[in-house]
Amino acid sequence: METVKMAQKSLYAIFSATGTTERAAQRIADLTGGTLHNIAPEVVYTDSDLDWRDSLSRSYVEMHNRDFRPALKDSVTDMSNYSVVFIGYPNWWNTHPTIINTFIEANDLQGKTVIPFMTSGGSNIINSEKELRESYPSLNFADGLLMNDVSDDEIKAWLKKIGI
């Protein structure tokens, strides 16, 4: 597999409750190099926690209170060696899970290029990007990518388009 030469050192911070987003992050990392970092909740999500149809499930409760910040297992990551931070996550309720806010708020991303990417069963990344930009206007966000069914060539074209 041909890799894309990265001029900057990249971190791939991912929240992957079921492994889908982790596989997507690994595809990007395989193409570009970089370090994977798991955004791990202090309390792991169970299958019942992830049942989006159950209004009492943990994910439902968290996503219906956008101020909620799930605790992280390891809250702070040393960002000093990275100029580019990819943040990957699954689509929850047409946006990013609140644990992504926890990660962003626990780490100094000022001066970094922050690049979201999402996995989803049927939604796009547009609303999530909009909410991230509105919530964190001082951060430098590049355009994200919905990773569903994209080829390596499409990933490379996206990276080229955003200047990575």
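FYI, it's all coordinate maths here, none of it is from the lab. All values reported here derive from a predicted model rather than from experimental measurement. Note that each Cβ is placed from the backbone with ideal geometry, even for glycine, and that neighbours are counted across all protein chains shown.
A few comments on the model shown:
- Distance in nm between pseudo-label sites at residue 152 and residue 69 (7 Å out along the Cβ direction from Cα): 4.0
- In degrees, nearest ten, helix 152-161 long axis to first principal axis of the chain (Cα): 80
- Between 0 and 90 degrees, the angle of helix 20-32 with respect to the longest Cα principal axis of the chain falls at about 10 degrees.
- Normalising by residue count, the chain has a Cα convex hull of 105 Å³ per residue.
- Estimated at 0.36 nm per residue, the fully extended path between residue 44 and residue 108 surpasses their Cα-Cα distance by 20.6 nm.
- 24 Å Cα-Cα threshold exceeded, pairs from 73/161; 112/160; 130/161: 73/161
- Relative to the longest principal axis of the Cα atoms of the chain, helix 126-135 runs at roughly 80 degrees.
- Karplus-derived 3J(HN,Hα) values for the stretch 103-118, using 6.51 cos²θ - 1.76 cosθ + 1.60 with θ = phi - 60°, are 4, 4, 6, 8, 10, 7, 9, 4, x, 8, 8, 9, 10, x, 8, 9 Hz; glycine and proline are entered as x.
- Per-peptide packing, taken as the mean over residues of other Cβ atoms within 10 Å, places 83-96, 123-136 in the sequence 83-96, 123-136 from highest down.
- Between the stretch 18-61 and the stretch 84-127, the C-alpha centres lie 11 angstrom from each other.
- Rounded to the nearest 20, the Cβ-based charge dipole of the chain about its Cα centre (Lys and Arg +1, Asp and Glu -1) stands at 400 debye.
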